[in-house]
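Note sheet for the following structure.
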C-alpha cells in the first residue's frame with residue numbers, strides 16, 4: 001500500500017501498537033535532545049533509573065535557555081548537566097554554543113530518523129525530514145534509557161505547496177498563513193506533512209522555520225521531504241553521508257489536504273496575545289513600534305540574519321526603536337562576522353545579543369510598559385516577554401528589519417533595500433569544539449563525580465490514586481491557559497531543579513493566592529482540583545507545569561479540552577485529566593467549591609467516566625478520560641516514576 005512520509009518513518013520505528021489513527025503507538029527513538037530549562041529534571045529522572053549509560057543512538061544536552069548567570073543557581077545547573085553528560089555518554093553543548101534546535105539541525109539531524117526532545121519546538125527537525133516530537137522530560141529520560149515513546153497514531157494533513165515566494169515574503173509568513181487557517185487548538189493527534197512543487201524552492205532553514213512554529217498549531221509534529229535541497233544543506237555542513245531520500249509514495253493517502261500558493265502569501269503578523277491571532281502587515285501599516293528583536297529558534301539562521309543585515313547595511317535604525325539580534329549558533333556568528341555583516345548590524349545601531357533563547361522566554365530584553373515589540377520568535381503569550389503589559393507581535397526577519405528602519409509596521413516589499421534573496425552557502429563554517437564528550441557517546445565515563453549544587457533537588461514521586469478524590473476547586477481558569485501561565489519562565493526558571501522552591505510560583509501571574517491555598521488544602525488532607533476551559537496546557541513542554549501542581553497536592557484536572565504534551569505530562573505525574581461531558585457544566589463550578597469525584601480509581605481502571613459532586617453548590621455533573629491500558633497503570637500507581645518503582649510498567 002502507498003505510504004506518506006509520516007507512515008514510512010513511524011512504520012520503520014514501530015515497537016508496538018497499530019499504525020492506525022487514534023490507536024496508541026510505541027516507537028523507537030533514535031536521538032534525544034534536552035535543554036537546560038527542562039533537561040536538569042530529565043537527567044535527575046534518568047539517574048533514578050539506575051542505568052549505566054544512555055541507550056539511544058545519540059543524546060545531546062544543550063545549554064541555551066538560562067545562560068544568564070545571576071546568582072549560583074544557573075551555573076550550578078550547568079555544572080550538573082556537564083558532569084551527567086560525561087558520566088552517561090551524552091554530548092554536551094556548552095553555554096554559548098547556540099540554540100538547541102538550530103544546532104541540532106546543523107550538526108546532528110538525519111532524514112528518516114526519530115528525535116524526541118524535552119522542548120516543544122523539537123519539531124524543527126522536521127525541516128530536515130525527521131519525525132521530531134516535543135515531550136516532557138520524563139518521556140525523554142525513558143527514551144534515553146532505550147524505552148519506546150508512546151503516542152496516539154496521528155492523522156496526517158498534506159499541506160501542498162505550489163508556486164514560489166515573492167521577495168519580501170518568507171517562511172515565517174507561510175506558517176502564519178497555516179495558523180490563520182487552522183488556529184492554535186483542535187489539532188491534537190495530527191501531523192502536517194508538506195509536499196507539492198513549491199517545496200523545492202524552500203531551503204532547509206525555511207522548512208525548519210515552518211516545522212518549528214507548527215508547534216503552535218498543537219499538532220504532534222510537522223515534516224518535509226528529504227530531497228536534493230536537503231542533500232545540498234547536509235553536504236554544506238560536511239554531513240552528506242547522513243542524507244537519505246524521503247518522499248511520499250505515488251497515491252499516498254491523507255486525512256486532509258490544504259493547498260497554498262506561495263506566490264499569493266503576503267507578509268503577516270501574529271498579534272497579541274496568541275500565535276493564532278493573525279493579521280496582514282498591510283492592515284497594521286503605520287502602527288508605532290518600540291522594540292524589534294530578531295532571532296530565536298524560529299528565525300536565527302544564517303539566511304535570516306544575513307537578510308536582516310543586508311536590509312540594514314549602510315543605514316541607521318529609527319531613533320525611537322530598540323533593536324537586538326540573537327544569532328542561533330556560533331556557526332551563524334562566525335559566518336556573519338566573516339562577511340562583515342556583524343559590522344553592518346552594529347553600525348546600524350543594533351545590539352548584538354548572545355546566541356541563546358534569552359529574549360524569547362523573557363529572560364532579558366523585556367520591553368517597556370505597554371511597549372509594542374516585534375519579534376521573530378514563535379510565541380507571544382501575555383507576559384512571555386517579561387513585561388505583562390507589552391504587546392508582542394510575531395513577524396518575519398524582513399518585516400522586523402523594515403520596522404527597525406521606519407519605526408512603524410512596514411510592508412518590507414515597499415523598501416528599496418530589500419535584497420533579492422540570500423543563497424545557501426556551498427560550505428558552512430564548522431567548529432564543533434563546544435560539543436563535549438562526543439568520543440564517549442553511548443558509553444560514558446563511569447566514576448565521573450556528579451556536580452550537585454544546593455539548587456539540585458530530588459525528583460518528586462506521586463502516591464497511588466485514592467478510591468475517591470475529595471477536594472477543592474483550588475483555581476478556575478479560562479481558555480488557552482499556557483504552561484507559561486502555570487509555571488512562569490524568565491527569571492523563575494532558575495528554580496527548575498528545585499521543585500519545592502519552583503512550586504511557590506505556580507499560577508503566579510494568574511492567581512497569586514494559588515500556592516498558599518493549595519498548601520493549606522494539602523495540609524488539611526484535601527486534594528486540589530484544577531478547573532479549566534478549552535486548550536489547557538498550550539505552549540512549552542515544561543513538565544514542571546504538571547510536576548509542581550502534583551507536589552502541591554493536585555490529583556485531578558477537569559477541563560473542556562487539554563493539549564497533547566501537557567496531557568501526557570499530567571498522566572506521567574499522577575494527575576487524572578478529565579474532560580467535561582457537557583461543556584456547559586464548566587459554568588456551574590466556582591473557585592473554592594468542594595468537589596467529590598466518587599469512585600475515581602474504579603473509573604480510571606474502567607471506562608474513564610466519573611461522577612463529580614459539587615458539595616458547595618448542591619449539584620453534580622459527569623466527566624470522562626480516555627486512557628490506554630498503560631496510562632491507566634501509570635495513574636493508578638501515582639505517576640510514571642512510581643509505576644516504574646512498583647514494577648508495573
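Just so it is clear, none of the values below were taken in a lab; they were calculated from the coordinates. Since the model is a prediction, treat every value here as computed from it, not as a measurement. Please note: Cβ atoms are built from the backbone with ideal geometry, for glycine as well, and neighbour counts cover all protein chains shown.
For the range 469-645, the ratio of Cα radius of gyration to the globular rule of thumb 2.2 N^0.38 Å stands at 0.95. Here the Kirkwood formula, the inverse mean of 1/r across different C-alpha pairs, assigns the range 330-412 a hydrodynamic radius of 13.9 Å.
Between rounded, prolate and oblate, where does the range 387-429 land on the alpha carbon gyration tensor, with a ≥ b ≥ c its root eigenvalues, rounded for a/c under 1.5, else prolate if a/b exceeds b/c?
It comes out oblate by the Cα gyration axes.
Over the Cα atoms of the range 396-489, the radius of gyration divided by the Kirkwood radius equals 1.19; this is the Rg/Rh ratio. When peptides 213-224, 285-296 are ranked by their average number of other Cβ atoms within 10 Å per residue, the highest-first order is 213-224, 285-296. Using all Cα-Cα distances in the chain, what percent lands in each 20 angstrom bin from 0 up to the longest? Reading the bins upward from 0: 20, 55, 24, 1. Ordered by the number of other Cβ atoms lying within 10 Å of each residue's own Cβ, fewest first, 384, 438, 160, 564 fall into the sequence 438, 160, 564, 384.
For the range 517-649, the relative contact order works out to 21 percent when only alpha carbon pairs closer than 8 Å and six or more residues apart are counted.
Each peptide in 565-572, 447-454, 128-135 gets a packing score, the mean of other Cβ atoms within 10 Å over its residues, and the list from highest to lowest is 128-135, 565-572, 447-454. Once you have a ≥ b ≥ c as the square roots of the Cα gyration tensor eigenvalues for the range 165-216, tell me rounded if a/c is under 1.5, and otherwise prolate or oblate according to whether a/b is larger than b/c. Prolate is the answer for the range 165-216, as a/c is 1.5 or above and a/b outweighs b/c.
Ranked by how many other Cβ atoms sit within 10 Å of their own Cβ, fewest first, the residues 284, 394 fall in the order 284, 394.
Pairs of Cα atoms nearer than 8 Å and 6+ residues apart set the relative contact order; for the chain it is 15 percent.
The range 133-287 has equivalent-ellipsoid semi-axes of 26, 22, 16 Å, by the square roots of 5 times the alpha carbon gyration tensor eigenvalues, sorted largest first.
Where both bridge residues fall in the chain, DSSP classifies roughly 35% of the beta bridges as antiparallel.
For the range 5-264, averaging the sequence separation of C-alpha pairs within contact (under 8 Å, six or more residues apart) and dividing by the residue count gives a relative contact order of 23 percent. Please find the FRET efficiency linking residue 523 to residue 628, where r is the Cβ-Cβ separation and R0 is fixed at 45 Å, and quote it to the nearest 0.05. So the FRET efficiency works out to roughly 0.85. Taking other C-beta atoms within 10 Å as the exposure proxy, 209, 124, 157 rank 157, 209, 124 from fewest upward. For the chain, the longest principal axis of the alpha carbon atoms and the long axis of helix 514-523 meet at an angle near 30°.
From most to least packed by mean Cβ count within 10 Å, the peptides 169-176, 625-632, 246-253 give 169-176, 625-632, 246-253. Divided by 2.2 N^0.38 Å, where N counts the residues, the Cα radius of gyration of the range 5-264 comes to 1.00. Helical runs assigned H by DSSP (4 residues or longer) give the chain a calculated mean residue ellipticity at 222 nm of -8000 deg cm²/dmol, each run adding -39500 (n - 2.57) before division by the residue total.
What separates the Cα centres of the range 140-198 and the range 452-490 is a distance of 29 Å. For the range 157-316, DSSP calls about 25 percent of its internal beta bridges antiparallel. For the range 469-645, the antiparallel share of DSSP beta bridges with both residues in that region comes to about 50%. Taking 0.36 nm per residue of separation and subtracting the Cα-Cα distance, full extension of the segment from residue 288 to residue 501 would add 72.7 nm.
Fully extending the segment from residue 258 to residue 416 would add 53.5 nm, taking 0.36 nm per residue of separation and subtracting the current Cα-Cα distance. Mind running the shape call on the range 1-151? Use the C-alpha gyration tensor, a ≥ b ≥ c as the square roots of the eigenvalues: rounded below 1.5 for a/c, prolate if a/b tops b/c, oblate otherwise. Prolate is the answer for the range 1-151, as a/c is 1.5 or above and a/b outweighs b/c. Along its first, second and third principal axes, ordered by size, the range 268-414 spans 38, 31, 24 Å in Cα coordinates.
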